[in-house]
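Take a look at the structure below.
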Amino acid sequence: TSASPPAQALTLLRDIWGYPQFRWRQGEIVAQVAAGGNALVLMPTGGGKSLCYQLPALLRPGVGVVVSPLIALMQDQVDALRQLGVRAAFLNSSLSVEGVRDVETALRSGELDLLYVAPERLLMEGTLWMLEGVPLALFAIDEAHCVSQWGHDFRPEYQGLGVLAERFPDVPRIALTATADARTRADIVSVLGLEAAPQFVASFDRPNIQYRVTGKDNAKRQLLHFIRAEHEGDAGIVYCLSRKSVEETAAFLSAEGIEALPYHAGLSHAQRQEAQARFLREDGLVVVATVAFGMGIDKPDVRFVAHLDLPKSLEGYYQETGRAGRDGEASTAWMVYGLGDVVNLRRMLSGSTAPDWVQRIEAAKLDALLSFCESAGCRRESLLAYFGEEYRGPCGNCDNCQNPPAQRELTREAQMALSAAVRTAKDGYGYGAAHLTDVLLGRETERVRARGHHRLPTFGVGKEHHESVWRGILRQMVALGYLTAGEGGGLHATPRSRELLDGSAQFLLREEAAQPRERREKRAK
Ligand code: ADP
Ligand code: ZN
């Protein structure tokens, strides 16, 4: 499979695209598909996937059919190809009846090199029938992770693409994606019938990005401290979950002298365009955004990406942090998270009306994200492991490698916290972390007295630890599933809690989780 591409491929690469050589394994992939073989290509965004199907489509007789869910981008892609002199067109719901007719005519008369099609359009019997009547160079299935229910972008239409292998067994299929963990990859292979196809998997490693995760204390202040200390005057993206916190954070940074623009779906199209244009044009601007920002933005010198709220999954985290340091220079992926985030995300899940299997997938993804956050090992190692890549840390660049967190064995404390949760809970109503902390620290608040919690045997048993230690313990317990958050944020025991009580599990607290760096510094002063 590692054949070299035909000489003609290099000529086209230079004459049409003006590139002197292939990047990474593009040449091998082109050779594989040009020779009529199938392939699965996994490459991070910006890696150069398009060429892997565009070039073979030109080398082979017939038209190359590109399946893409990104209808909004088809026009741009086709325009760009036409500028290079490639005969390209697209078929999707945005076309008029005449528009469709023109494309079909061009297709039938062999005047197209590449045809972009939305999956639902491709799967219409009329389209399949038409394609059976013309010579086809290949099928390229872009964003192939959409076939997987496990993927973050599942599209039911994509599952129908299995017909390509059945109805066009002699036409090569090349599936491409930028995000596919092992499970998604297996789904792509089985749905698209690529069992025998070679897989070209580029590394997802981004060595110039420093991954850091820290306990949330006062998120905005922590962010300010981080930017001032390490990224004054740098371009960066700050992600928040809600529009409100986007607005507040942007205003806060601006008031502190760090120019920051808000970006979220509640702003007008013109406002968003303006923010995007300024971000690309100006130096050292910070954009505070919901996840809507960043798709298709190619700014090479983004020096930091900060998360003030947890993303929904590690795929999301990887994509968002991946917008930093495209130029290869040192950059920071910085995130704060706290018990509130964990409770919120868990609650969103348990309140979900999605089908069972979807909820199970979402829960597993959240677990993966939380265990990444709580990990005391190399961040890069656990991130890459999630994408099925074997990498042995220490990387020497992430927070845990540079500053290995002490792990304290606090099983007894975890048992105390559990006991406080169990003893205070009544009629299915549980108390939140703040109240449990009051009980553990022996604080006679009004609420504690009113509920008689000062008479519990657990009252005051945790005095020897600082409040922030308890906050860390409770957060990690929820993250690891020893406690679960019910309605209103009340914490309850879980079936897993037993492992702590009977001593079959140890509870190790990351020291850093309990005492954010910012605090230690303040105290030292
Ligand atoms: P992807 O689809 O993987 O996100 P693209 O196919 O859009 O990436 O390519 C990303 C960028 O890399 C584009 O600007 C493209 O022109 C450029 N590129 C791709 N292949 C090469 C190459 N062999 N040499 C130089 N630039 C390339
Ligand atoms: Zn590391």
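Being among the aliphatic types (A, V, I, L, M), in contact (Cβ under 8 Å) with a residue 60 or more places away in the chain and either in a helix (DSSP H, G or I) or more than 16 Å from ligand 1 (Cβ to nearest atom) (or both) narrows it down to one residue among Ala354, Ala421, Ala363, Ala434; which is it?
Ala421
Is it true that Glu374 is over 22 Å from Asp341 (Cα atoms), away from ligand 1 (no atom under 16 Å from the Cβ) and not aromatic (Phe, Trp, Tyr)?
So Glu374 does not fit the description; no.
Of the numbered conditions (1) modelled with pLDDT of 85 or more; (2) away from ligand 2 (no atom under 16 Å from the Cβ); (3) under 23 Å from the mean Cα position of the chain (by Cα), Tyr431 fails exactly one; give the number of that condition.
(3)
Scan the range 290-308 residue by residue and report those that are modelled with pLDDT of 95 or more and under 19 Å from His264 (Cβ atoms).
Val302, Val305, Ala306, His307, Leu308
Anything in the range 128-145 that is at pLDDT 95 or above, surrounded by fewer than 22 Cβ atoms within 10 Å (Cβ to Cβ) and either in contact with an Asp or Glu (Cβ under 9 Å, 6 or more places away or on another chain) or more than 23 Å from Leu59 (Cβ to Cβ) (or both)? List them, or say none.
The answer is Leu128, Trp129, Met130, Leu136.
Hey, can you tell me all the residues within the range 305-322 that are touching an Asp or Glu at 6+ places or on another chain (Cβ under 9 Å) and either of a type outside the set (S, T, N, Q) or under 13 Å from Ile209 (Cβ atoms) (or both)?
Within the range 305-322, Val305, His307, Asp309, Leu310, Pro311, Lys312, Leu314, Glu315 meet the criteria.
Given the residues Pro44, Pro69, which is the only one that is closer than 21 Å to Tyr158 by Cβ, in contact with a Cys (Cβ under 9 Å, 6 or more places away or on another chain) and either within 16 Å of ligand 2 (Cβ to nearest atom) or not small (Gly, Ala, Ser) (or both)?
So the residue among Pro44, Pro69 that is closer than 21 Å to Tyr158 by Cβ, in contact with a Cys (Cβ under 9 Å, 6 or more places away or on another chain) and either within 16 Å of ligand 2 (Cβ to nearest atom) or not small (Gly, Ala, Ser) (or both) is Pro69.
Residue by residue, here is whether (1) within 16 Å of ligand 2 (Cβ to nearest atom); (2) over 24 Å from Gly193 (Cβ atoms); (3) surrounded by 18 or more Cβ atoms within 10 Å (Cβ to Cβ) holds:
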{"site": "Ala31", "(1), (2), (3)": "no, no, yes"}
{"site": "Gly36", "(1), (2), (3)": "no, no, no"}
{"site": "Leu59", "(1), (2), (3)": "no, no, yes"}
{"site": "Val63", "(1), (2), (3)": "no, no, yes"}
{"site": "Asn92", "(1), (2), (3)": "no, yes, yes"}
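Within 16 Å of ligand 1 (Cβ to nearest atom) and within 19 Å of the chain's Cα centre (by Cα): which single residue out of Glu389, Glu320 fits that description?
On inspection, the qualifying residue turns out to be Glu320.
Quick one: which of Ala493, Ala450, Ala479 is farther than 30 Å from Phe304 by Cβ and surrounded by 17 or more Cβ atoms within 10 Å (Cβ to Cβ)?
Ala493
I need the full set of residues from the range 323-351 which are in contact with a strand residue (DSSP E or B) (Cβ under 8 Å, 6 or more places away or on another chain) and in a loop (DSSP other than H, G, I, E, B), in order please.
Arg323, Ala324, Gly325, Ala330, Gly338
Does Val448 fit the bill of being over 32 Å from the mean Cα position of the chain (by Cα), away from ligand 1 (no atom under 16 Å from the Cβ) and in a helix (DSSP H, G or I)?
When the stated conditions are applied, Val448 passes them.
Could we say that Gly396 is away from ligand 2 (no atom under 16 Å from the Cβ), in a loop (DSSP other than H, G, I, E, B) and among the small types (Gly, Ala, Ser) here?
Answer is no for this residue.
The values are calculated or read from the model by the stated rules, or taken from the named source; none is laboratory data. Small disclaimer: the values here were computed from a predicted structure and weren't measured. Counting neighbours? That spans all protein chains shown, and the Cβs are built from the backbone with ideal geometry, glycine included.
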